[in-house]
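K.L.:
Okay, handing you the structure first.
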Amino acid sequence: MRGRLMAVTGRFVLLVLAGVVPVLLLSLATEAGGWALLGWLLLAVVLGVADLAAAASPRSVLLARDVPARIRLGETARARLFVTNTGSRTLRALVRDAWQPSAGAAASRLRLTVPPGERRAADIDLTPFRRGERRTEQVTIRSVGPLGLWARQATLNAPGSLCVLPPFHARRHLPSRLARLRELDGRTSVMVRGQGTEFDSLREYVRGDDVRSIDWRATARRGGSPAGQQVMVRTWRPERDRRVVVVLDTGRTSAARVDDEPRLDTGFEASLLLAALATRAGDRVDLLAYDRRIRARLHGSTGPELLSRMVDAMAPLEPDLIETDWTAVPAQVRALTSQRSLVVLLTSIDASGSSRGLLSVLPQLTRQHVVVVASVTDPGVLAATLDRRTRDAVYRAAAAERALLDTERVAAAIRRLGADVVTGAPADLPPALADRYLALKAAGRL
């Protein structure tokens, strides 16, 4: 219980005004107008006090909540507040539930009438527009009397929370990527061969097969002929149980908004799509969110559990306005895995100054791992280079051209150090990263 007070309703104000006007007219006609005005005000106050005395006490209320544990950003959840009247008078109340504004409550003020000893429910639809934990701590109850003139008011503690998960809009790209993965797996087309593939089975040669895949010993055992009858070839499938380590940069550059979405949230979308694809391919995915300290760390999860744990870990993450300590990242990756893995660094490569730390540690990572640096680009920068109609537009175009050159310069430096680079607008980066993963699988590098 925070506090109690008395409140005057709008009905009381209208009552006073309704009597003041004729009293003032009377005062113009007689000398007793002042006493009449005073008498009317006293009558209104007496009525208000009597109404207040007849109002149910908000202190005799018990509150309980039924709130969904979690929803995805953009979805709507129904939160239910139960109000139990333990007093002996009917509760006529205006109830205000103090959800955070970012919870997107459709209506925070509700009217309830609760007879003595009964319970009523107040439903509030929540459509959050920010990720993370949305909270409410208190409920204010204003109990009015039968005349609706004065009210008792109290603020009661009734904590509640709703976990808002990343929306994972990129899931729409998953079916097409899974179809391509099945092709690589040899279910719908000839299997590939490379450093990251393993022997699967034998089958008969067909025109177009790589002659290097012919197994002459198996052909001899089957009584094959040089003409191609019963010639056997080996088939290969991409190796499974490989490791994919996703490193999310939660430093200051991840706070920038691109297309009205923080860079960090775009990183979430790309990470979730890659994880969903990799776990279907039989690979194990680890997640590390880091700037100068570990913000989230997932290790050892597979299958449906992986995505569930990832969204739970990502939901409360917010960018920290500090420079990321890239020198500690190789050690953090070694703590997750000691075998050759695909290491995906989701960060920003917009400026050479802020990318120096990243460039300095890439040789340590590329010596042992396949490294991909993924960065979101601002489509507004590219659009600015095309508009040169005015003097101001020309200056903006020049600045945009310089920004693009800086990005390309950093990307070239990353490639020279042995890592791949994937860039794209917020809507394009997740599928682009998934395509690069499939390309590495097809090339046998995983």
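Read the figures in this text as sums done on the coordinates, not as results from a lab. All figures in this text were calculated on a predicted structure; none of them were measured in a lab. Reconstructed Cβ throughout: ideal geometry from the backbone, glycine too, with neighbour counts over all protein chains shown.
K.L.:
Quick check on packing: order 85-95, 386-396 by the mean number of other C-beta atoms within 10 Å, highest mean leading.
P.N.:
In descending order of packing, they fall as 85-95, 386-396.
K.L.:
Along the charge dipole of the chain, which of Ala105, Leu52, Asn85 sits closest to the positive end, that is, farthest toward it, with unit charges on the beta carbon of Lys, Arg, Asp and Glu (+1, +1, -1, -1)?
P.N.:
Asn85
K.L.:
If you take every DSSP beta bridge fully contained in the chain, what fraction is antiparallel? Give it as a percent rounded to 5.
P.N.:
Taking every DSSP beta bridge within the chain, about 70 percent pair in antiparallel fashion.
K.L.:
How much length, in nm to one decimal, is gained on full extension between Arg135 and Arg72, taken as 0.36 nm per residue of separation minus their Cα-Cα distance?
P.N.:
In short, 21.1 nm is gained.
K.L.:
What is the angle, in °, between the Cα long axis of helix 174-184 and the longest principal axis of the Cα atoms in the chain? Nearest 10 is fine, range 0 to 90.
P.N.:
Around 10 degrees separate the two axes.
K.L.:
Something else about it: Which FRET efficiency value, to the nearest 0.05, is calculated for Asp387 and Ser308 with the Förster distance at 41 angstrom and r the Cβ-Cβ distance?
P.N.:
After rounding to 0.05, the efficiency reads 0.40.
K.L.:
Quick one: helix 303-314 against the long Cα principal axis of the chain, what's the angle to the nearest 10°, folded into 0 to 90?
P.N.:
Its long axis makes an angle of about 50 degrees.
K.L.:
I'd like the Karplus ³J(HN,Hα) series for the stretch 280-291: coefficients 6.51, -1.76, 1.60, θ = phi - 60°, whole numbers in Hz, and an x wherever there's a Gly or Pro.
P.N.:
3J(HN,Hα) across the stretch 280-291, in whole Hz: 5, 7, x, 8, 9, 10, 10, 10, 9, 9, 8, 10.
K.L.:
Further question: Pull up all non-local amide H partners of Asp215: gap of 5 or more, or a different chain, and H-to-H distance under 5 Å with H placed in the peptide plane.
P.N.:
Excluding prolines and chain starts, which carry no amide H, the hits are Met232, Val233, Arg234.
K.L.:
In which sequence would Val61, Val233, Val49 go, from the one with the fewest C-beta neighbours within 10 Å to the one with the most?
P.N.:
Val49, Val233, Val61
K.L.:
Something else: Which FRET efficiency value, to the nearest 0.05, is calculated for Gln364 and Arg402 with the Förster distance at 41 angstrom and r the Cβ-Cβ distance?
P.N.:
E between Gln364 and Arg402, to the nearest 0.05, is 0.85.
K.L.:
Between Ala107 and Val206, how high is the FRET efficiency from 1/(1 + (r/R0)^6) when r is the Cβ-Cβ distance and R₀ = 60 Å? Nearest 0.05.
P.N.:
0.35
K.L.:
Okay, next question. Any idea what the alpha-carbon Rg over 2.2 N^0.38 Å comes to for the stretch 241-442?
P.N.:
1.02
K.L.:
Per residue of the chain, what 222 nm ellipticity follows from adding -39500 (n - 2.57) for every DSSP H run with n ≥ 4, rounded to the nearest 500?
P.N.:
-11000 deg cm²/dmol
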